[in-house]
């Protein structure tokens, strides 16, 4: 069974491949908000998320002919965005390692920690501390507004496993939120 | 302590909390939740924590942000920028394929030159490098209103310049995006 809204996406994909750029911009307009929300909570920075979202759509346009009908367009662009987020995180980590070494050579300074600077506020920090699969499932579900079926397909796990990962993520966040309130 | 039955109900509790569980499974889970304080607390968390996260996240950008984002995408596509030459780590895969072929191309060129000299043939002419067109500042409206025939050529050329140069491994990479295998 196809996910709701998928049929319309297919006609827009076909329209784009037939040369109608306005069809691709309709796809952008339809998916840019959940994608930006998902990427923003993932990278913790609006400008960086904007860059990744733009890159995701440009890459989708360029490779649209290679897009396979096995998944929805939405699942596909979220997969591309998630890969870009992970690549960015790896690059950030490499940079952070270098920066941390430089900082250690200098005198300690008051102010936000490196982790706070990179990850932003408390919620982002808490979510970022989750294991990768739980974090991905949570982000795709809450901010990406994807179904567990779509999430499972994206991450190469069963729908049931996606739900269990989501359950674990919520359980852990509940503990943290409880500690915060106490 | 979470019992065996509770552990087996994790996925069902998610559906139950979302209101996506149908009878008779819903009745069965409901009966368990009413007798199990741990699962009752979990259902409450499954309903409250996502809402709490939504409240704590920074406010959404305004319409100008979304319009600027669309314009950025449209301008990049309008310029015909190939994503495989943008210096971002996630989209460098096609260039890896190209650079792998460089030694072989150089060797082939060297052999051709040497063979040409040996046979006293005129030196092969080196073709001029194609001129890369400058960036255009076309507006989003102009981009969208472009005639379909012109757009059709653009899509075709993009396919020619990108997909045709990809080897089988990159095709697999693309398939991985849709299959979710590379994640």
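The values are calculated or read from the model by the stated rules, or taken from the named source; none is laboratory data. Predicted, not measured: the structure shown is a model, and the values here were computed from it. Neighbour counts are summed over all protein chains in view; Cβ atoms, including those assigned to glycine, are modelled from backbone coordinates with ideal geometry.
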Any chance segment B:18-27 includes a residue that's without any contact (Cβ under 8 Å) to a residue 40 or more places away in the chain, more than 7 Å from chain A (Cβ to nearest Cβ) and on the phi > 0 side of the Ramachandran plot?
yes
Filtering segment A:41-63 down to residues that are at pLDDT 90 or above, buried (at least 21 other Cβ atoms within 10 Å of the Cβ) and within 14 Å of residue A:87 (Cα to Cα) yields A:49, A:52, A:53, A:55, A:56
Which residue pairs have Cβ atoms under 8 Å apart, sit 6 or more places apart or on different chains, and have a first residue in segment A:15-41 that is within 15 Å of residue A:146 (Cβ to Cβ) and within 7 Å of chain B (Cβ to nearest Cβ) and a second that is in a loop (DSSP other than H, G, I, E, B) and modelled with pLDDT of 90 or more?
none
Considering only segment A:64-79, how many residues are surrounded by fewer than 23 Cβ atoms within 10 Å (Cβ to Cβ) and either at the interface with chain B (Cβ under 7 Å from one of its Cβ atoms) or outside any helix (DSSP H, G or I) (or both)?
7
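Rundown of residues vs (1) under 20 Å from the mean Cα position of the chain (by Cα); (2) surrounded by fewer than 23 Cβ atoms within 10 Å (Cβ to Cβ); (3) in a helix (DSSP H, G or I); (4) modelled with pLDDT of 80 or more, yes/no style:
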| position | (1), (2), (3), (4) |
| --- | --- |
| A:83 | yes, yes, yes, yes |
| A:89 | yes, yes, yes, yes |
| A:99 | no, yes, yes, no |
| A:104 | no, yes, yes, no |
| A:107 | no, yes, no, no |
Can you pull out every residue in segment B:1-51 that is surrounded by fewer than 15 Cβ atoms within 10 Å (Cβ to Cβ) and part of a loop (DSSP other than H, G, I, E, B)?
B:1, B:2, B:3, B:19, B:20, B:22, B:23, B:24
